[in-house]
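Enquirer: My structure is below; once you've seen it, I'll send some questions.
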Amino acid sequence: MTVEAARAAMLAEIRPLETVDLPLGEALGRVLAEDIRAVRDQPPFTNSSMDGWAVRAADAPGWLAIVGESAAGHGFEGRLSPGQAIRIFTGAALPEGADAVVIQEDARRDGEGVEVPAAAVGDNVRLAGRDFRAGDRLLASGLRLDPWRLSLCASAGRDRVAVIRRPRISILSTGEEVVEAPARPGPWQIFDSGSPGLEAMLKTWGAEVRRVTGVRDRREAVREAIAQAGGDMVVTLGGASVGDHDLVRAAAGDLGLSMKVESVAVRPGKPTFFGILADGRPLLGLPGNPASAFVCAELFLRSLVAGLEGRPAGPSLRSLPLVAPLPANGPREHWMRARLRTGAEGESVEAFTDQDSSLVRIFSEADALLRRLPGAPALSSGDRVEVLPLLRG
């Protein structure tokens with residue numbers, strides 16, 4: 001399958017998780033499961049944007065009698081009459097009869113009076129409902145709550161919100177050739193860099209993660225690990241191909257896997273597969289090479305997590321010029337690790353020379369994936385390409 005067809009086939013099997021009701025203080029990073037609407041205007045009353053004097057513009061310039069004060073939370077009860085001024089502070093309600101505010105630096109007070117310069121109607125005044133009106137939809141279902149959106153919920157009078165439950169993802173790392181630090185690797189073993197990286201990616205995307213490590217290269221062991229992994233979705237790392245020691249497909253088949261994606265015409269990551277286990281859990285099989293796993297996690301796993309949260313799924317690409325030439329591409333879509341550059345002429349992108357799928361260090365230096373379509377021709381410096389920025393700190 002093409003990347004787009006594979007992603008579509010996977011997402012067709014995904015349904016949003018159930019909702020939970022949370023206090024605002026616990027909702028950071030969660031995805032809204034409801035629209036947030038305003039219950040009243042904001043601000044609810046016309047107010048001053050500066051410290052100064054509330055006046056009638058028709059009385060300015062002139063010498064005005066001071067008849068009271070309006071402070072935030074304590075407005076002036078009466079009505080401003082011609083020839084009068086009210087001391088007012090930022091955020092305080094504009095008294096009835098006033099239509100302008102003269103800032104304090106421009107006025108001169110003397111006892112019970114104040115001299116003000118010319119003013120126009122609306123000067124330094126915030127009208128009621130300037131931010132939003134009662135009934136306005138402030139936030140739409142499907143948005144992830146960040147600090148600014150939480151603040152908007154609070155300004156709408158909400159103390160609790162309905163959100164999608166966090167997806168629970170189990171990562172199953174297979175292969176007797178990998179060990180997890182601080183264990184000492186044997187002469188034919190390497191440290192497991194794939195599952196810690198995937199765990200971090202999933203947590204960044206809002207999921208809860210359970211890692212299952214140390215699974216032996218035995219069909220029954222892999223089958224038991226998948227069966228006991230739990231969660232809303234299982235992601236296997238390694239053993240996705242069809243070699244003698246690649247047992248994940250067979251073990252999942254023992255558990256009634258209904259295959260939806262056999263493999264993907266992508267580089268790196270061709271062995272990636274996807275299906276639904278008999279118990280209803282989706283299973284995404286990723287290759288063991290870290291770069292292959294991470295690229296396909298960006299292309300597929302991130303979209304699957306978004307689908308479980310009821311959010312729009314699919315990568316958001318940018319068009320950028322190349323720093324250096326690229327040769328013609330082969331028959332598979334190629335997602336190259338790349339570096340974003342910023343110069344006098346703006347932003348550009350440069351692919352790393354070595355794209356071997358086993359290299360972790362390059363991924364640590366990359367901040368984008370550069371897309372090459374199947375059979376794409378050679379490109380020169382300055383030619384534009386599609387780029388998927390990576391979320392980096």
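The values are calculated or read from the model by the stated rules, or taken from the named source; none is laboratory data. Predicted model only: the values in this text are computed from it and were never measured. No Cβ is skipped: glycine too gets one built from the backbone with ideal geometry, and neighbour counts run over all protein chains shown. Accessible surface areas use protein heavy atoms only, side chains included; no ligands, DNA or RNA. Shrake-Rupley method; radii C 1.70, N 1.55, O 1.52, S 1.80 Å.
Enquirer: For region 191-300, give the magnitude of the charge dipole about the Cα centre (Cβ charges: +1 Lys/Arg, -1 Asp/Glu; no others), in debye to the nearest 20.
Expert: Here the size comes out at about 100 debye.
Enquirer: What share of all Cα pairs of region 253-393, in percent, falls into each consecutive 5 Å distance bin?
Expert: Spelled out bin by bin, region 253-393 gives 2, 9, 17, 20, 20, 13, 9, 5, 3, 1, 0, 0 percent.
Enquirer: Could you work out the pair-distance distribution P(r) of region 72-112 from its alpha-carbon pairs, with 5 angstrom bin width and percents rounded to whole numbers?
Expert: Reading the bins upward from 0: 5, 19, 33, 27, 16, 1.
Enquirer: Continuing with this model, one more query. Where the Cα atoms of region 306-385 are projected onto their three principal axes, how long is each span, largest first, in whole Å?
Expert: So the extents along the principal axes, rounded to whole Å, are 40, 33, 26.
Enquirer: Obtain the nm distance between the two label points defined at residue 208 and residue 383 by a simple spin-label model: each point lies 7 Å from its Cα along the Cα-to-C-beta direction.
Expert: 4.9 nm
Enquirer: Provide the descending list of Cα extents for region 27-76 along its principal axes, expressed in whole angstroms.
Expert: 56, 20, 18
Enquirer: With runs of 4+ DSSP H residues as the only contributors, calculate the mean residue ellipticity of the chain at 222 nm using -39,500 (n - 2.57) per run, divided by the residue total and rounded to the nearest 500.
Expert: -4500 deg cm²/dmol
Enquirer: Give the Debye-formula value of log10 I(q)/I(0) at each listed q (0.09, 0.12, 0.18 Å⁻¹), with one equal scatterer per alpha carbon of region 1-140, two decimals each.
Expert: Calculated log10 I(q)/I(0) at the listed q: -0.46, -0.61, -0.95.
Enquirer: Moving on to the next point. In region 1-160, what percent of the accessible surface is made up of carbon and sulfur (1.4 Å probe, ligands and nucleic acids excluded)?
Expert: It is 49 percent, rounded to a whole number.
Enquirer: Let me know the whole percent of all Cα-Cα pairs from region 71-209 that are separated by more than 20 Å.
Expert: Percentage above 20 Å: 70.
Enquirer: Using per-residue counts of other Cβ atoms within 10 Å, averaged over each peptide, order 45-53, 323-331, 349-357 from highest down.
Expert: 45-53, 349-357, 323-331
Enquirer: On average, how much accessible surface per residue is there in region 236-393, in Å², for a 1.4 Å probe, leaving out ligands, DNA and RNA?
Expert: Per-residue accessible area for region 236-393 comes out at 43 Å².
Enquirer: Regarding the chain, what is the average projected area of its C-alpha convex hull, in nm²?
Expert: The orientation-averaged projected area of the Cα hull of the chain comes to 26.9 nm².
Enquirer: Right, here's the next one. Which net charge results when you count Lys and Arg as +1 and Asp and Glu as -1 among the other residues whose beta-carbon is under 14 Å from that of residue 9?
Expert: Charge balance near residue 9 sits at -1.
Enquirer: Still on this structure: In Å, what Rg and Dmax follow from the Cα atoms of region 1-84?
Expert: That works out to 27.1, 80 Å for Rg and Dmax.
Enquirer: Treat every Asp and Glu Cβ in the chain as -1 and every Lys and Arg Cβ as +1, leave all other atoms uncharged, and give the resulting dipole magnitude about the Cα centre to the nearest 20 debye.
Expert: 980 debye
Enquirer: Round to the nearest 10 and give me the degree value, 0 to 90, for the angle of helix 219-228's Cα axis relative to the longest principal axis of the chain.
Expert: 20 degrees
Enquirer: Another question, then. Along the positive direction of the dipole of region 196-297 (beta-carbon charges: Lys, Arg +1; Asp, Glu -1; about the Cα centre), which of 283, 266, 234 reaches farthest?
Expert: Checked the options; the winner is 266.
Enquirer: How big is the charge dipole of region 1-129 about its Cα centre, in debye rounded to the nearest 20, if each Lys and Arg gets +1 on its Cβ and each Asp and Glu gets -1 on its Cβ?
Expert: 140 debye
Enquirer: Mind grabbing the base-10 log of I(q)/I(0) for region 89-164 at q = 0.16, 0.26 Å⁻¹? Debye formula, identical points on the C-alpha positions, no solvent, two decimal places.
Expert: -0.75, -1.32
Enquirer: Taking just the alpha-carbon atoms of region 184-295, what radius of gyration and Dmax come out, in angstrom?
Expert: Considering region 184-295 through its Cα atoms, Rg and Dmax are 13.5, 40 Å.
Enquirer: Moving on to the next point. With all protein chains present and a 1.4 Å probe, how do 210, 30 order by accessible area, largest first?
Expert: The most accessible residue leads, giving 210, 30.
Enquirer: Let me ask another. Return the single residue from 297, 251, 57 with maximal mean-square fluctuation; model: Gaussian network over the chain, springs between Cα atoms under 10 Å.
Expert: 57
Enquirer: Could I ask something else about it? Considering the dipole of the chain built from charges on the beta carbon (Lys and Arg +1, Asp and Glu -1) around the Cα centre, which of 370, 93, 163 is farthest to its positive end?
Expert: Towards the positive end, the residue furthest out is 370.
Enquirer: With Kirkwood's inverse mean 1/r over C-alpha pairs for Rh, give me the Rg to Rh ratio of region 237-307, two decimals please.
Expert: The Rg/Rh ratio comes out at 0.95.
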